[in-house]
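Visitor: First, the structure itself, so that you have it in front of you.
The values are calculated or read from the model by the stated rules, or taken from the named source; none is laboratory data. The model shown is predicted, which means the values in this text are computed figures rather than measured ones. Cβ: placed from backbone, ideal geometry, glycine included. Neighbour counts: every protein chain shown.
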Amino acid sequence: MRLSPVDIDYLRAVVERHSGNRIDDSRDYLFESRLQQVLRSRDFSSFAELLAALRSGHSASLPQVVAQAMLVNETSFFRESPAFGLLRTDLFPALIAARRSTRRLRLWSAACSSGQEVWSLAMMLREDFPQLAGWNIDILGTDLSSEMIERANGARYSESEVARGLPLRMLQRYFIRRGEEWEVSPEIRRLCHFQQRNLCAVPIWQETFDLILLRNVLLYFPQEARHRILLAMHRSLAPDGALLLGLSENSAMETHWQTVLTPAAVWYRPLASRPTRQPGSSAESLTESHTSRSLRDILKQA
């Protein structure tokens, strides 16, 4: 059985409700290939059985499993070299100087997938900033996918994965050969930890970070969700901290972010001002948006 257009619209709504990701029409073909794994793991014999189970609502975890199966888990070590050049030459030196009295740095890699960005940050700090010896370095990686968080915690990568962007000197210094795989060394692992986290959930994070990387993530979300995620990032970032987005992304929120252009790359500085909207009337209330109401209508169909 092939998925009908009505089935795909329903699945698209399930994915958006449970992950925030909006699957573009041009990627509809991915539903059948990506959901094959869900069929096997849940012992469904057909897409009809999967759809019936989703519509019945008897399994609280199944919608999350479907949403996670449709995530784009693309990443690599030191991905987008201009961003890491900016960190090396501008952002890290400025943050280190500003945190000299506390000797602490907190970094957040949001939507970290299988963890390569987190390890890249840790290796750069060890490699290029020896003055941080003895500092409290805390690097958090989060992702919606439980499978990706499990992989990141395992800290093991294949030959093809370490060949993508990882300099040979860092492979030899910070990894240990384990059969056909390479494992991140304890020296680097002690700086990092991982959590499963939904960026579109109502944020109640009582955390402050010096640097947040939210790269190549926003382009998969509708505008309302982007706005709310960026508000959450603003609340979680230190006043003198920095936000990095993907090369093709921008904040589009001049009330909250100042765009800083450098020869290496672009980054965003949080502003102290806030919009004058009343609570519950802005795009922060995503569940009350027109988009969410239309999702509920689709989810109730058939």
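Visitor: Filter region 30-59 down to the residues that are within 18 Å of ALA13 (Cβ to Cβ) and among the hydroxyl-bearing types (Ser, Thr, Tyr), then identify the one that is farthest from the chain's Cα centre (by Cα).
Guide: SER56
Visitor: Separate question: Give region 190-240 a look and list any residue that's closer than 16 Å to LEU107 by Cβ and among the small types (Gly, Ala, Ser), or say none.
Guide: Selection gives SER236, ALA238.
Visitor: Next question, about the same structure. Go through (1) in contact (Cβ under 8 Å) with a residue 40 or more places away in the chain; (2) farther than 24 Å from ARG173 by Cα; (3) in a helix (DSSP H, G or I) one by one and return the number of the condition ALA97 breaks.
Guide: Unmet for ALA97, out of (1) in contact (Cβ under 8 Å) with a residue 40 or more places away in the chain; (2) farther than 24 Å from ARG173 by Cα; (3) in a helix (DSSP H, G or I): (1).
Visitor: Only one of LEU245, LEU213, LEU237 is buried (at least 21 other Cβ atoms within 10 Å of the Cβ), out of contact with any Gly (no Cβ under 9 Å at 6 or more places or on another chain), touching a residue at least 60 places away in the same chain (Cβ under 8 Å) and not small (Gly, Ala, Ser). Can you tell me which?
Guide: Result: LEU213 is the single residue among LEU245, LEU213, LEU237 that is buried (at least 21 other Cβ atoms within 10 Å of the Cβ), out of contact with any Gly (no Cβ under 9 Å at 6 or more places or on another chain), touching a residue at least 60 places away in the same chain (Cβ under 8 Å) and not small (Gly, Ala, Ser).
Visitor: Let me ask you something else. Please work out which one of (1) under 19 Å from the mean Cα position of the chain (by Cα); (2) among the charged types (D, E, K, R); (3) surrounded by fewer than 16 Cβ atoms within 10 Å (Cβ to Cβ); (4) not assigned by TED's automatic domain parsing to the domain that holds ARG106 is the condition ARG178 fails and give its number.
Guide: Failing condition for ARG178: (1).
Rundown of residues vs (1) hydrophobic (A, V, I, L, M, F, W, C); (2) within 20 Å of the chain's Cα centre (by Cα); (3) at pLDDT 95 or above; (4) assigned by TED's automatic domain parsing to the domain that holds ILE96, yes/no style:
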position	(1), (2), (3), (4)
LEU125	yes, no, yes, yes
PHE129	yes, no, yes, yes
LEU132	yes, no, yes, yes
GLU150	no, yes, yes, yes
ARG169	no, no, yes, no
ILE188	yes, no, yes, yes
HIS193	no, yes, yes, yes
ARG197	no, yes, no, yes
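Visitor: Does region 97-111 contain at least one residue that is over 21 Å from LEU237 (Cβ atoms) and under 20 Å from the mean Cα position of the chain (by Cα)?
Guide: Looking through region 97-111, none of the residues is over 21 Å from LEU237 (Cβ atoms) and under 20 Å from the mean Cα position of the chain (by Cα).
Visitor: OK, next. Kindly indicate whether ALA238 is within 17 Å of the chain's Cα centre (by Cα) and of a type in the set (A, V, I, L, M, F, W, C).
Guide: Values: within 17 Å of the chain's Cα centre (by Cα): no; of a type in the set (A, V, I, L, M, F, W, C): yes.
Here the answer is no, as ALA238 does not meet what is asked.
Visitor: Is there a residue in region 9-28 that is more than 30 Å from GLU117 (Cβ to Cβ), at pLDDT 90 or above and surrounded by fewer than 19 Cβ atoms within 10 Å (Cβ to Cβ)?
Guide: Taking every residue of region 9-28 in turn, at least one turns out to be more than 30 Å from GLU117 (Cβ to Cβ), at pLDDT 90 or above and surrounded by fewer than 19 Cβ atoms within 10 Å (Cβ to Cβ).
Visitor: Give region 196-235 a look and list any residue that's of a type in the set (Asp, Glu) and outside any loop (DSSP other than H, G, I, E, B), or say none. Reasoning before the result, please.
Guide: First pass over region 196-235, keeping only residues of a type in the set (Asp, Glu): 207, 210, 224.
Result: ASP210, GLU224.
Visitor: Continuing with this model, one more query. If you scan region 222-268, which residues turn out to be charged (D, E, K, R) and modelled with pLDDT of 95 or more? Outline the logic, then answer.
Guide: Applying the first criterion (charged (D, E, K, R)) to region 222-268 yields 224, 226, 228, 235, 240, 249, 254.
If the condition is that a residue be charged (D, E, K, R) and modelled with pLDDT of 95 or more, then ASP240 is the only one that fits.
Visitor: Now a separate question. Can you name the residue in region 9-38 that is without any contact (Cβ under 8 Å) to a residue 24 or more places away in the chain and either of a type in the set (Lys, Arg) or out of contact with any helix residue (DSSP H, G or I) (no Cβ under 6 Å at 6 or more places or on another chain) (or both) and is also farthest from GLN64 (Cα to Cα) among such residues?
Guide: First, the residues of region 9-38 that are without any contact (Cβ under 8 Å) to a residue 24 or more places away in the chain: 24-29, 33, 36.
Right, trim to either of a type in the set (Lys, Arg) or out of contact with any helix residue (DSSP H, G or I) (no Cβ under 6 Å at 6 or more places or on another chain) (or both) and you get 24-27, 29, 33, 36.
Values: ASP24: 19, ASP25: 21, SER26: 22, ARG27: 19, TYR29: 20, SER33: 17, GLN36: 15 Å.
Selected residue: SER26.
Visitor: Name every residue in region 60-91 that is closer than 13 Å to VAL14 by Cα and outside any loop (DSSP other than H, G, I, E, B), in order of residue number.
Guide: Within region 60-91, LEU62, PRO63, GLN64, VAL65, VAL66, ALA67, GLN68, ALA69 qualify.
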